[in-house]
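Encoded as structure tokens, the structure appears first; notes follow it.
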Amino acid sequence: MYLPEYHALTDLSAMQSHIDSHPLGAWVSHGGGNLVANHIPFVLDRTQGPSGQLIGHVSRGNPVCQDLQEEVRSVVMFIGPQAYITPAWYPGKSDHGKVVPTWNYVAVHAHGVARAIDDVDWKLKMLHQLTDAQESSRPNPWKVTDAPSEYVQQMLGAIVGIVIDIDRLEGRLKVSQDEGLADRYGTVEGLRLERDTQAHEVADLVFQQILAEQSAACK
């Protein structure tokens, strides 16, 4: 990933939290001499290795299962929130006109080796982890044990587990750091007027980055 220093997200905890908050990963691996892309939800196990381990599953019918008969280098991209930034929000548009559109976003890429696991007990534990990660905060959380045992066993036979041992995490926090302060405040105001909830999240990130830089400058 192209990563200018002023956009670099290097804090391990922040990158791991981003994965927790945006668990649907765009997983790219090699297969048959080509690049293979899949979109699957992952859960991050922080106890495995220095950067953690991603676990998930795919359908047994997914051709990627054949590719994973050997360990395969992979990258999984976790994206969001993101928002288009119009130069109409910049005071600089009126002052000098030297402004252009851009896009703000947060992205974390997890690099590592992917392997398949077809052990039934492991897959059942993985399903509990995936489900609990998404359901635990709900008022009436669904559990794997809510489904009939025979049905769960049938579903376990239809999937193959995926493990990716992360050997490198890289993150990009692109939130207008390269713009003038007035234009950054204009971006915050403009984003907060949008109807898109992601735009509101990006507005908060831009504002938090401004505060963080101002706090650091005072030390």
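Treating only the Cβ of Lys, Arg, Asp and Glu as charged (+1, +1, -1, -1), what charge dipole size does the chain show about its Cα centre? Round to the nearest 20 debye. Spell out each step's value before the answer.
On the way: 17 positive and 27 negative charges, 52 e Å.
Here the size comes out at about 260 debye.
Applying 0.36 nm per residue to the separation of residue 103 and residue 218 and subtracting their alpha-carbon distance, the gain on full extension is 38.5 nm.
How much length is gained on full extension from residue 197 to residue 88, taking 0.36 nm per residue of separation minus their Cα-Cα distance? Intermediate results must be reported in sequence, preceding the final value.
On the way: separation 109, 0.36 × 109 = 39.24 nm, distance 1.99 nm.
Extending this stretch completely gives an extra 37.2 nm.
Considering only 180, 190, 56, the Gaussian network model of the chain with Cα springs below 10 Å gives its largest mean-square fluctuation to 180. Pairs from the table (93/219; 143/174; 93/174) lying more than 28 angstrom apart at Cα are 93/219; 143/174. Ligands, DNA and RNA left out, the 1.4 Å accessible surface of the stretch 25-87 is 53% carbon and sulfur atoms.
Of all GluC sites (Glu not before Pro) in the stretch 163-219, which ones are in loop regions per DSSP and have a Cβ with at most 15 other Cβ atoms within 10 Å?
Details: sites: 170, 179, 189, 194, 201, 213; in loops: 179, 194.
Qualifying residues, ordered by number: 194.
By definition, a body whose alpha carbon gyration tensor gives a ≥ b ≥ c is oblate when a/c is 1.5 or more and a/b is not larger than b/c, and the stretch 151-213 fits this oblate description. Solvent-accessible surface (1.4 Å probe) assigned to residue 85 amounts to roughly 0 Å².
Relative to the compact globular guide of 2.2 N^0.38 Å, what is the alpha carbon radius of gyration of the chain, as a ratio?
Dividing the Cα radius of gyration by 2.2 N^0.38 Å gives 1.22.
Considering only alpha-carbon pairs that sit under 8 angstrom and 6 or more positions apart, the relative contact order computed for the stretch 28-155 is 21 percent. When the chain is treated as a Gaussian network with alpha carbon springs shorter than 10 Å, the biggest mean-square fluctuation among 41, 148, 81 belongs to 148.
Pairs of Cα atoms under 8 Å, at least six residues apart: use those to get the relative contact order of the chain, whole percent.
26 percent.
How high is the FRET efficiency from residue 36 to residue 158, r the C-beta distance, R0 30 Å, rounded to 0.05?
Working: r = 20 Å, r/R0 = 0.66.
Calculated transfer efficiency: 0.90.
The values are calculated or read from the model by the stated rules, or taken from the named source; none is laboratory data. Remember, predicted model here, so these are calculated numbers, not experimental data. Because the Cβ atoms are built from the backbone with ideal geometry, glycine has one as well, and the counts that use them run over all protein chains shown. The protein model used for the area step is the full one, side chains on, heavy atoms only, and it has no ligands, DNA or RNA in it. Shrake-Rupley method; radii C 1.70, N 1.55, O 1.52, S 1.80 Å.
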